[in-house]
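Peer 1: Dumping the structure here so I can ask a few things about it.
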Amino acid sequence: MTMHAARATRSMRPTRSTGWVPLALIALVVIPAIAGSLRLLELSGGPQLMAADPRMAASPVPVMVHVISAVAYGILGALQFSSRFRRRRPGWHRRTGRVLVGLGLAVAFSALWMTLFYPRQPGTGDLAYAFRLAFGSAMAASIILGVAAIRRRDIARHRAWMTRAYALALGAGTQVFTLGLGTAVFGTSRLTTDLCLIAAWIINLAFAEYIIRRPAGRRRASRPTIEATAKVGSR
């Protein structure tokens, strides 16, 4: 191998391992996934292991769609952030990307439906209601823009929009921490709850923008990876 080829090979390798990223993202999904699974068990006729929620009992289908699609979206979506996995299994990345588009839209639209047609969640106010509508719409729009970008073979914009959509979808995971910390410091009130819910989405979006804009994220991928990924929306 010539010195030039060796340098080129090294330049294509990540400067730092990102293998921990999918595991961290899946860990963030675990708590809401457990809570959602317990709710599904209750709605399907199983024992009541969580506080009763008459809103969901009266209309269970939207929450069932939301929980199932959110858990699948969170786990499958986490694997899309592994650059090593994408390089090794470009076909899997392409096929799973199509599934994730459907799952993500199901998450966003079921969340919007529940916000609009369920009675307000106890303990929350107009601020949380408005931001739920805003962020649910933003997630759906991000997925649609991501699909449009990959159809144009614009890999960078595709990844950016899909990263934003995934960050918004993980809001429930981050809310476990913002609600716990916020209520411990400021006490329990409608305004505190609203602000803690909103803070989780903002934190996730801020981290997503950091990932999108950091210099390491601007490195050019190898041509086989680009060509394989670009086929997501071409068929």
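The values are calculated or read from the model by the stated rules, or taken from the named source; none is laboratory data. It should be emphasised that the depicted structure is a prediction, and the values quoted were computed from it without experimental measurement. Every residue, glycine among them, receives a Cβ derived from its backbone with ideal geometry; neighbour counts consider all protein chains shown. These accessible areas exclude ligands, DNA and RNA; they are computed on the full protein's heavy atoms, side chains included. Shrake-Rupley method; radii C 1.70, N 1.55, O 1.52, S 1.80 Å.
Peer 1: In square nanometres, what is one fourth of the surface area of the convex hull spanned by the alpha carbons of the stretch 139-223? Don't jump to the answer; show the numbers that get you there.
Peer 2: Working: hull surface 26.2 nm².
Dividing the Cα hull surface by four gives the mean projection, 6.6 nm².
Peer 1: Under 12 Å from a point 7 Å along the Cα-to-Cβ line of F207: which residues of the stretch 26-49 have their amide N that close?
Peer 2: Only 26-30 fall inside the zone, counting backbone N under 12 Å.
Peer 1: For the residue pair A130 and I75, what label-to-label distance in nm results when each label sits 7 Å from Cα along the Cα-to-beta-carbon direction?
Peer 2: Modelled inter-label distance: 3.8 nm.
Peer 1: Over all directions, average the projected area of the Cα convex hull of the stretch 101-169 and note it in nm². Display every interim value, and only then the final one.
Peer 2: Details: hull surface 18.4 nm².
Computing the convex hull of the Cα atoms and averaging its projections yields 4.6 nm².
Peer 1: So, one more: For the stretch 55-202, what are Rg and Dmax over the alpha carbons, in angstrom?
Peer 2: Using the Cα atoms of the stretch 55-202, the pair Rg, Dmax is 16.5, 49 Å.
Peer 1: Related question: What FRET efficiency would be calculated for the residue pair R120, W92, taking the C-beta separation as r and a Förster radius of 45 Å, to the nearest 0.05? Working shown, then result.
Peer 2: Details: r = 41 Å, r/R0 = 0.91.
Computed FRET efficiency for R120 and W92: 0.65.
Peer 1: Oh, and also: Got a sec? Which residues in the stretch 141-156 would a label at R84 touch, if it sits 7 Å along Cα→Cβ and we count backbone N under 18 Å?
Peer 2: No residue passes the distance filter.
Peer 1: Over the stretch 133-191, with every protein chain in place, what whole percent of the accessible area is carbon and sulfur at 1.4 Å, could you tell me? Can you show the working numbers first?
Peer 2: Values: 1960 of 2990 Å².
Solvent-exposed carbon and sulfur of the stretch 133-191 make up 66 percent of the total.
Peer 1: So, one more: Work out how far the C-alpha atoms of the stretch 82-125 reach from end to end along every principal axis, then list the three figures in whole Å, largest first.
Peer 2: So the three principal-axis extents are 47, 18, 8 Å.
Peer 1: Can I ask one more? Under a crude label model (7 Å from the Cα following the beta-carbon direction), how far is L23 from A35 in nanometres?
Peer 2: Roughly 2.5 nm, to one decimal.
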